[in-house]
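Notes for the one structure printed next.
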Amino acid sequence: MDAVVVMGVAGCGKTSVGKELARRLGWQFLEGDGFHPPENIAKMSAGIPLQDEDRWGWLDTIAAHIALARDANAPIVVSCSALKRRYRERLSTGGTRVLFVHLDGDRDTIHARMALRSGHFMPTALLDSQFAALEPLGSGEFGIVCNIDASPTEIAARVAALVAPAA
């Protein structure tokens with residue numbers, strides 16, 4: 001396995017779970033939001049949902065980091081919304097083996113979490129657009145679904161137990 005991508009809508013806990021999972025596995029963690037170009041951040045900050053064409057360059061940058069990790073034989077954990085199947089396909093191009101961990105939760109729980117966080121560019125007003133764009137993991141995709149009712153530590157522990165034998 002070259003990478004684990006912790007995915008889901010904004011506010012589901014991708015960063016918290018991803019950091020803990022990386023710590024448990026001894027892998028590097030990459031925050032996907034850190035690769036958004038300024039134009040994407042400005043759009044989201046203004047409450048404008050990103051379109052596919054806004055995401056391609058961002059996804060390609062993350063995919064390049066995953067490919068570098070593969071080439072260095074140094075698996076990584078990445079937080080990335082990866083909302084659509086075609087985004088996940090883009091992240092796992094070039095023969096990379098990427099496990100997608102979909103953090104799944106209901107809108108009300110996630111909205112409440114988003115309302116509590118500070119300093120993040122993603123406003124709660126965009127949550128509905130995230131759910132509208134979300135395509136759950138489908139047949140043939142290499143991934144697992146984890147409900148966010150558990151703590152990030154518990155979720156990371158479960159995923160690490162699944163990943164570690166293959167790591």
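Things to note:
- P(r) weight above 28 Å for the chain, C-alpha pairs, percent: 15
- Using θ = phi - 60° and Karplus 6.51 cos²θ - 1.76 cosθ + 1.60, couplings along the range 43-55 (whole Hz; Gly, Pro as x): 4, 5, 4, 8, x, 9, x, 6, 9, 3, 5, 6, 8
- Shown for the range 30-92 is the translational diffusion coefficient from the Stokes-Einstein equation, using the Kirkwood radius over Cα pairs, a temperature of 10 °C and a viscosity of 1.306 mPa s: 129 µm²/s.
- For the chain, the per residue solvent-accessible surface stands at 46 Å², with DNA, RNA and ligands left out and a 1.4 Å probe.
- Accessible-area composition of the chain, carbon plus sulfur, in percent [1.4 Å probe]: 52
- Ranking His102, His111 by solvent-accessible area of protein heavy atoms (1.4 Å probe, all protein chains present), from largest to smallest, gives His111, His102.
- Placing unit charges on the Cβ atoms only, positive for Lys and Arg and negative for Asp and Glu, gives the range 29-112 a dipole magnitude near 300 debye about its Cα centre.
- Heavy atoms of Thr93: accessible area, 1.4 Å probe, square angstrom to 10: 70
- Extension gain (nm, one decimal) between Arg85 and Glu53, 0.36 nm per residue minus Cα-Cα: 10.0 nm
- Computed over the chain, the per-residue total of -39500 (n - 2.57) for DSSP H runs of n ≥ 4 gives a 222 nm mean residue ellipticity of -13500 deg cm²/dmol, rounded to 500.
- Proximity of backbone amide H atoms, modeled 1.01 Å from N, is registered between Asp104 and Cys146, Asn147, Ile148 at under 5 Å, excluding neighbours fewer than 5 places apart on the same chain.
The values are calculated or read from the model by the stated rules, or taken from the named source; none is laboratory data. None of the values given here were measured: they were computed from a predicted structure. All Cβ positions, glycine included, derive from the backbone under ideal geometry; neighbour counts span all protein chains shown. Accessible surface areas use protein heavy atoms only, side chains included; no ligands, DNA or RNA. Shrake-Rupley method; radii C 1.70, N 1.55, O 1.52, S 1.80 Å.
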